[in-house]
Amino acid sequence: MLLDLKQVFLGEKKSLPMDCALDFSQLEYQGNYPFIDPVRVQGEVSAESGIVKLKATAHFVYQCACDRCLDAVSRQMNIPIEHVLVTSHNSDDDTELKLVKHFKLVLDDLVREDLIISVPSKNLCRDDCRGLCPNCGINLNTQSCACQSDKIDSRFKILEQLKQSDLQ
Ligand SMILES: [Zn+2]
Ligand SMILES: [Zn+2]
């Protein structure tokens with residue numbers, strides 16, 4: 001989606017509302033396609049005391065696999081998209097400012113960066129997900145296996161040994 005911001009930059013318009021759905025279904029991140037559904041971006045570009053700002057919210061469903069059991073996880077997310085837009089850079093270190101060439105802003109490029117930044121570092125199907133058995137690979141949320149109890153027993157034994165060595 002290409003936004004023509006000339007009128008806002010020239011002060012002919014105070015603001016330009018936007019409400020659109022962007023397609024990031026082909027955006028791959030860590031082997032997943034987390035943004036299968038359209039990302040809705042609602043907000044506006046407005047000028048205030050000569051500063052042009054983009055303020056919007058991206059609404060989307062983030063889809064991935066649970067970190068522990070690999071089940072499908074989908075999370076409803078709303079992230080703020082806020083940037084100060086400029087038509088020319090004054091200094092090289094103004095990385096916060098987004099350069100808009102010829103008053104035209106490719107909204108997709110801007111939103112894509114913010115989407116990647118917003119990706120949650122932890123994704124669990126539920127807080128107490130029990131994951132897969134490291135031994136036989138069974139999903140411990142839905143099934144149980146014999147190897148699990150052995151594992152726990154041996155862990156407890158190690159703990160016991162640690163406690164005893166602490167005391168010595
Ligand atoms: Zn899980
Ligand atoms: Zn097992």
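The values are calculated or read from the model by the stated rules, or taken from the named source; none is laboratory data. The structure presented is a predicted model; accordingly, all values stated were derived computationally and were not measured. Because the Cβ atoms are built from the backbone with ideal geometry, glycine has one as well, and the counts that use them run over all protein chains shown. The accessibility values were calculated without ligands, DNA or RNA, using every heavy atom of the protein model including side chains. Shrake-Rupley method; radii C 1.70, N 1.55, O 1.52, S 1.80 Å.
Summary table below
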quantity: Yes/no for residue 54 being in contact with a strand residue (DSSP E or B) (Cβ under 6 Å, 6 or more places away or on another chain), modelled with pLDDT of 95 or more, closer than 13 Å to residue 110 by Cβ and not in a loop (DSSP other than H, G, I, E, B); calculated: yes
quantity: Leading residue by the ranking (nearest to the chain's Cα centre (by Cα)) among those in segment 26-70 that are hydroxyl-bearing (Ser, Thr, Tyr) and closer than 18 Å to residue 2 by Cα; calculated: 57
quantity: Candidate set: segment 45-74, residues that are open to solvent by less than 40 Å² (accessible area, probe 1.4 Å) and within 16 Å of ligand 1 (Cβ to nearest atom); chosen: the one farthest from residue 133 (Cα to Cα); calculated: 62
quantity: The listed residue being surrounded by fewer than 15 Cβ atoms within 10 Å (Cβ to Cβ) and at pLDDT 95 or above, out of 134, 38, 80, 120; calculated: 80
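Listed here are the residues, each with its yes/no results for (1) at pLDDT below 90; (2) under 18 Å from residue 65 (Cβ atoms); (3) within 11 Å of ligand 2 (Cβ to nearest atom); (4) not aromatic (Phe, Trp, Tyr).
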| position | (1), (2), (3), (4) |
| --- | --- |
| 107 | no, no, no, yes |
| 125 | no, yes, no, yes |
| 141 | no, yes, no, yes |
| 144 | no, no, yes, yes |
| 154 | yes, no, no, yes |
| 166 | yes, no, no, yes |
